[in-house]
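J.: Have a look at the structure that comes next, please.
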Amino acid sequence: MIAARFRHAYPGFALDVDLTLPGRGVTALFGHSGSGKTTLLRCIAGLERAQGRLSIDDAVWQDDTTFVPTHRRPIGYVFQEASLFPHLSVQGNLDYGMKRCGCRPAEADFQKIIDLLGIGTLLDRQPDRLSGGERQRVAIARALLTAPRLLLMDEPLAALDLARKNEILPYLERLHDELEIPVLYVSHAPDEVARLADHIVVMEGGRAVAQGPLTDTLARLDLPILSLRLGEDAGVVLDGTVVERDENWQLARIGFSGGTVWVRDGGHDLGHHVRVRILARDVSVALEPQHDSSILNCLPAEVAEIANDAHPALALVKLKLGNSAVVARLTRRSACGLDLKPGAQVYAQIKAVALIG
């Protein structure tokens, strides 16, 4: 478990947070530029001297009498830029990182990290012969080879174009599945958060305005920051399992706690755990099941909550699907015409579902 409480004032800005975060998995620090994400990360790394307390499990890194300097904190830090030494090969960069931390992992552990990040064929190359995505994978490997108790990642994909970003995301997903240590991942990109995060902290004006499991937090309608900042990307993420594959139509059926949905087949085996992302703009509501529609996914649901959207003509409707929830973006005219109220039994029509891993 990570317990972080910080207060830090700058001219025109103040950080004031009190967080308790999971000791495993990926926690996303999400918010727009200037919301305090990177400042919080730097305080955790000890790069900013803030008032407060920081502990990782039973180890206190900072309190009223203690301040462990950055070089003595067992952290790995990945920045937007890979910052590799240009005169050293990939292997040389990795060796330098391990030498600085005074540790050398067992060969099996070394090889595991190399394989996870797919850089085995790059070890003899110089940094100027690597793509942006390859350089960032090497930087992540270098951070992990220091045997950190905590991995900090400050918008590691922000400097990459779309092609390089799509190249590295699958490797980050593999790390998410394999790493035993907690990861704090700073991002303002909804797609990265949806694919990688287990837990989310929503930052605004130097404060954490919300935190919790990703699936629960994205479905909250009492957080206007989410609909305002996410805009057309507002929606939910559900964890599911591949229960059927229709090879004829190249579709897969994903089961989750509230039912099943059809998605484009991603090639996963039956029983494989996946995530699906359902945007509010792709969910409509009907009072009766529609049998003559092009929409494949029509699930019985219950209206849980109705809230204002960013534009006065629109409303956000939270729909309960068993133990799960989706959010629909409707015009207020439609919501009124259907007489939608909490407790109403309806059908959620889901036009598009994105399989994200």
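J.: Using a Gaussian network model of the chain whose springs link C-alpha atoms within less than 10 Å, name the residue from C298, C43, C336 with the highest mean-square fluctuation.
T.: In this elastic network of the chain, the residue with the biggest mean-square fluctuation among C298, C43, C336 is C336.
J.: Quick one: longest stretch of the chain between exposed loop GluC sites (Glu not before Pro), exposed meaning at most 15 other C-beta atoms within 10 Å and loop per DSSP?
T.: 248-357
J.: Quick one: Karplus J couplings for the stretch 86-91, per residue in order, coefficients 6.51, -1.76, 1.60, θ = phi - 60°, nearest Hz, x for Gly and Pro?
T.: Residue by residue, the stretch 86-91 yields x, 8, 10, 5, 4, 4 Hz.
J.: Also: For each of K341, K112, count neighbouring Cβ atoms within 10 Å of the residue's Cβ, then give the residues from fewest to most.
T.: Fewest-to-most Cβ neighbours within 10 Å comes out as K341, K112.
J.: Relative contact order for the chain: what is it in percent, counting Cα pairs under 8 Å that are at least 6 residues apart?
T.: Here the relative contact order equals 16 percent.
J.: Provide the FRET efficiency to the nearest 0.05 for the D128-R174 pair, computing r from the beta carbons and using R0 = 30 Å.
T.: Efficiency computed from Cβ-Cβ geometry: 0.70.
J.: Between D246 and A3, 0.36 nm times their residue separation minus their Cα-Cα distance comes to what?
T.: 82.9 nm
J.: A 25 angstrom limit on the alpha carbon distance is what I want to check against. Which of K112/K165; K37/K318; K318/K351 exceed it?
T.: Those over the limit are K37/K318.
J.: Go through S334, Q126, L116 and say which Cα lies farthest out towards the positive end of the charge dipole of the chain; charges sit on Cβ, +1 for Lys and Arg, -1 for Asp and Glu.
T.: Selected residue: Q126.
J.: R0 = 51 Å: FRET efficiency of E288 with Y10, Cβ-based, nearest 0.05?
T.: E between E288 and Y10, to the nearest 0.05, is 0.35.
J.: What relative contact order, as a whole-number percentage, does the stretch 282-344 give when Cα pairs under 8 Å and 6 or more residues apart are counted?
T.: 34 percent
J.: For Rg/Rh (Cα atoms, Kirkwood Rh), the choices are (1) 1.08; (2) 0.98; (3) 1.01; which was calculated from the structure?
T.: It is the one labelled (3).
J.: Let me ask something else. So how much slack lies between T66 and S334, counting 0.36 nm per residue of separation and subtracting their Cα-Cα distance, in nm?
T.: Roughly 90.7 nm would be gained on extension.
J.: Explain nothing, just the number: dipole magnitude of the chain about its Cα centre with +1 on each Lys and Arg Cβ and -1 on each Asp and Glu Cβ, in debye rounded to the nearest 20.
T.: Approximately 780 debye in magnitude.
J.: Report, by chain and number, residues whose modeled amide H sits under 5 Å from the one on A208, excluding near sequence neighbours (fewer than 5 apart, same chain).
T.: So A208 has HN proximity to D18.
J.: While we're on this one: Between V68, V283, V317, which gets the highest mean-square fluctuation from a Gaussian network model of the chain, Cα cutoff 10 Å?
T.: Checking each option, the largest mean-square fluctuation is seen for V68.
J.: Find how many whole Å separate the alpha carbon centroid of the stretch 300-342 from the alpha carbon centroid of the stretch 140-166.
T.: 38 Å
J.: Post the alpha-carbon centroid distance, the stretch 236-286 to the stretch 1-70, in whole angstrom.
T.: So the two Cα centres are separated by 37 Å.
J.: If R0 is 45 Å, what FRET efficiency do you get for A313 and R53 from their C-beta distance, rounded to 0.05?
T.: 0.45
J.: Excluding R53 itself, calculate the net charge of residues whose Cβ lies under 15 Å from the Cβ of R53, where each Lys or Arg counts +1 and each Asp or Glu counts -1.
T.: For residues surrounding R53, the net value is -3.
J.: Which one, R149, R72, R53, has the greatest fluctuation when you compute a Gaussian network model over the chain with C-alpha springs under 10 angstrom?
T.: Among R149, R72, R53, the largest mean-square fluctuation in the Gaussian network model of the chain belongs to R72.
Only the coordinates and a few stated rules stand behind these numbers; no lab work does. Computed from a predicted model, the values in this text were never measured in an experiment. Note that each Cβ is placed from the backbone with ideal geometry, even for glycine, and that neighbours are counted across all protein chains shown.
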